[in-house]
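Chemist: Questions regarding the structure given below will be posed in turn.
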Amino acid sequence: IAGITQAPTSQILAAGRRMTLRCTQDMRHNAMYWYRQDLGLGLRLIHYSNTAGTTGKGEVPDGYSVSRANTDDFPLTLASAVPSQTSVYFCASSATRSTGMSDEQFFGPGTRLTVL
Amino acid sequence: AQKITQTQPGMFVQEKEAVTLDCTYDTSDPSYGLFWYKQPSSGEMIFLIYQGSYDQQNATEGRYSLNFQKARKSANLVISASQLGDSAMYFCAMREDNQGGKLIFGQGTELSVKP
């Protein structure tokens, strides 16, 4: 079934631990994104990648890193988790037209992360 | 400054009535897109409707329509004939084309449909 998968579904993590959230899409979309969703703040962009091999910083990148080794996968790593990173994390992808404008973003089911 | 503002944290509507969810935006980019997403209690983000800044007509998708007033920088979502299943969070988002495909989201409006 075409779409975006995220793993794990949820995780409780001790502060200071390293954690990688996985994201895989099978729609061959060029662009991928990571957002965090916090109550009252909507979704905020953490990092993005317009194509395999490139990444960029979003609105709230501190404490997170990403890589884009291939088209399908876009993992998000918390090198040393802190309680303020407790959130719901969404991965998304979109096709990019030749003009550089992208179509709608398709979202994964989300990962609920709690850092204690 | 907020780029996307949704001023209604929560709204109620009677089943079968129409409801308008407000969204205003702020950009100096002449080329941009506006999106509405629905997030039910199960948590997934569902794309509803899109309006491009150069589109002459207001976008419509089934019971959803977007009331696009460019001069006022507003992109309100209108849901006609509300159904119980429309109860959810609704997010307005903007893509500025000089910024690539990144979306900026509003804080959301929680819609409750009453039977």
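Chemist: For the stretch A:35-63, give me each residue that is farther than 28 Å from B:THR109 by Cβ and either more than 8 Å from every other protein chain (Cβ to nearest Cβ) or surrounded by fewer than 18 Cβ atoms within 10 Å (Cβ to Cβ) (or both).
Modeler: To start, the set of residues in the stretch A:35-63 that are farther than 28 Å from B:THR109 by Cβ comprises A:49-57, A:62-63.
Scanning the stretch A:35-63 gives A:SER49, A:THR51, A:ALA52, A:GLY53, A:THR54, A:THR55, A:GLY56, A:LYS57, A:ASP62, A:GLY63.
Chemist: Of all residues in the stretch A:1-14, how many are of a type in the set (A, V, I, L, M, F, W, C) and surrounded by 13 or more Cβ atoms within 10 Å (Cβ to Cβ)?
Modeler: Of all residues in the stretch A:1-14, those of a type in the set (A, V, I, L, M, F, W, C) come to A:1-2, A:4, A:7, A:12-14.
Now restrict to residues that are surrounded by 13 or more Cβ atoms within 10 Å (Cβ to Cβ): A:4, A:7, A:13.
Within the stretch A:1-14, residues that are of a type in the set (A, V, I, L, M, F, W, C) and surrounded by 13 or more Cβ atoms within 10 Å (Cβ to Cβ) number 3.
Chemist: Let me ask something else about it. Tally the residues that are of a type in the set (Gly, Ala, Ser) and part of a strand (DSSP E or B), restricting the search to the stretch A:17-52.
Modeler: 3
Chemist: Could I ask something else about it? Of the residues in the stretch A:1-23, how many are under 12 Å from A:THR114 (Cα atoms) and polar (S, T, N, Q)?
Modeler: Of the residues in the stretch A:1-23, 3 are under 12 Å from A:THR114 (Cα atoms) and polar (S, T, N, Q).
Chemist: For the stretch B:11-115, please list each of the strands (runs of 3 or more DSSP E) lying entirely inside it that holds at least 3 residues being within 14 Å of chain A (Cβ to nearest Cβ) and surrounded by 17 or more Cβ atoms within 10 Å (Cβ to Cβ). Full working, then the answer.
Modeler: Working: elements: B:19-21, B:32-39, B:46-52, B:64-69, B:74-79, B:88-96, B:103-105, B:109-114.
By residue number, B:32-39, B:46-52, B:88-96, B:103-105.
Chemist: For the stretch A:64-86, how many residues meet the condition of being of a type outside the set (D, E, K, R), part of a loop (DSSP other than H, G, I, E, B) and more than 14 Å from chain B (Cβ to nearest Cβ)?
Modeler: Here the count works out to 10.
Chemist: Now a separate question. Quick check: anything in the stretch A:15-26 within 26 Å of B:THR5 (Cβ to Cβ), surrounded by 15 or more Cβ atoms within 10 Å (Cβ to Cβ) and either within 11 Å of chain B (Cβ to nearest Cβ) or out of contact with any Pro (no Cβ under 6 Å at 6 or more places or on another chain) (or both)? Spell out the reasoning first.
Modeler: Filtering the stretch A:15-26 for residues within 26 Å of B:THR5 (Cβ to Cβ) gives none.
No, there is no match, as no residue in the stretch A:15-26 is within 26 Å of B:THR5 (Cβ to Cβ), surrounded by 15 or more Cβ atoms within 10 Å (Cβ to Cβ) and either within 11 Å of chain B (Cβ to nearest Cβ) or out of contact with any Pro (no Cβ under 6 Å at 6 or more places or on another chain) (or both).
Chemist: Does the stretch A:27-55 hold any residues that are under 20 Å from B:LYS3 (Cα atoms) and without any contact (Cβ under 8 Å) to a residue 24 or more places away in the chain, and which are they? Explain how you work it out, then say what you get.
Modeler: Step one: list which residues in the stretch A:27-55 are under 20 Å from B:LYS3 (Cα atoms), which gives A:33-48.
If the condition is that a residue be under 20 Å from B:LYS3 (Cα atoms) and without any contact (Cβ under 8 Å) to a residue 24 or more places away in the chain, then A:LEU39, A:GLY40, A:LEU41, A:GLY42, A:ARG44, A:LEU45, A:TYR48 are the ones that fit.
No value in this document is a laboratory result; all are computed from the given coordinates. Remember, predicted model here, so these are calculated numbers, not experimental data. Positions of Cβ are generated from backbone atoms using ideal geometry, with glycine treated the same way; all protein chains shown enter the neighbour counts.
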